[in-house]
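This report concerns only the one structure given below.
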Amino acid sequence: MGRKSRQSRRSAERRQQQQRSAQQSQGLMPRWQLITGGVIILAVAAFLIAIVTGVGKSSGSSNNLTSAATNGQNTAAKIDGTIGCNAVMQITYHVHAHVTVLDAGKPVLFDPHAGLNYDHDCEYWLHAHDSSGIVHIEAPQKILPTLKNWYDVMQEPLSPTQISTAKVKPGQHLKMWIDGKPYTGDPRSIILTDHKDVWLEIGPPFKTPTKFTGWPTAQ
């Protein structure tokens, strides 16, 4: 009896110890799950907030750029207070003029990138696509730019005695033609309209003006 009693007590104590361990485990598990769940919930919430905030900022920036482009807002100061510079091409008013410049019979060509403002990543309403002499006039509304505006965009001199790098030397003078007809006014006052063909020549020698026919076929 005594031996059985000892075994019974040991079995009972073992069971009690197992029960206590089980109770402790049961008490810890919910607490651990609660802490872990809380951490996960906080992480997910922070992630969602970051996404929503980022999208809102991106959308806001996009809307601002879209609004600026739609309203013809300039990204650089206007040239002569009239010629704007936009990050997107303006096609509401899109026409072309052509300017030929000769210095003693030799062509003085435009920079093919004239009209691009790299500092502000924009394109002026007057610009070139190549060295053909075509001035592209692309604006959010109809404008009547002058030849002076164009040379100011290019940051080059224009006067009765100098056109870009070409200067009137002793014994020379400037001759001008507009649409094949002689012009004796100030070159800076020439208005650039659709298919206006301007011919400026410092000489002698002088060449006979030829009609320009290489207009873009598409607007």
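Each reported figure results from applying straightforward, stated rules to the coordinates on display, with no laboratory input. Keep in mind it's a predicted model, so treat the numbers as computed, not measured. Note that we place each Cβ from the backbone using ideal geometry, even for glycine, and neighbour counts take in every protein chain shown.
Numbers at a glance
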item: Hz values of 3J(HN,Hα) by residue in the range 89-101 - Karplus curve (6.51, -1.76, 1.60), Gly and Pro given as x; result: 5, 9, 10, 4, 10, 9, 9, 9, 10, 10, 10, 10, 10
item: Tyr183 long-range amide H proximity, modeled H, under 5 Å; result: Met176, Trp177, Ile178
item: Amide hydrogen neighbours beyond the local backbone of Tyr93, cut-off 5 Å, H modeled; result: Ala139, Gln141
item: Nonlocal amide H pairs with Leu102, under 5 Å, H built at 1.01 Å; result: Val108, Leu200, Glu201, Ile202
item: Anisotropy class of the range 140-219 from Cα gyration tensor, a/c 1.5 cut; result: oblate
item: All aspartates and glutamates inside 17 Å of Lys181 as judged from Cα atoms, apart from same-chain residues fewer than 8 positions distant; result: Asp194, Asp197, Glu201
item: Entries in Lys169/Lys196; Lys142/Lys175; Lys78/Lys196; Lys106/Lys211; Lys175/Lys196; Lys142/Lys167 that, when Cα-Cα distance is taken, lie over 25 Å; result: Lys169/Lys196; Lys142/Lys175; Lys142/Lys167
item: Net charge dipole size for the range 118-195 [Lys, Arg +1 and Asp, Glu -1 on Cβ; Debye, nearest 20]; result: 600
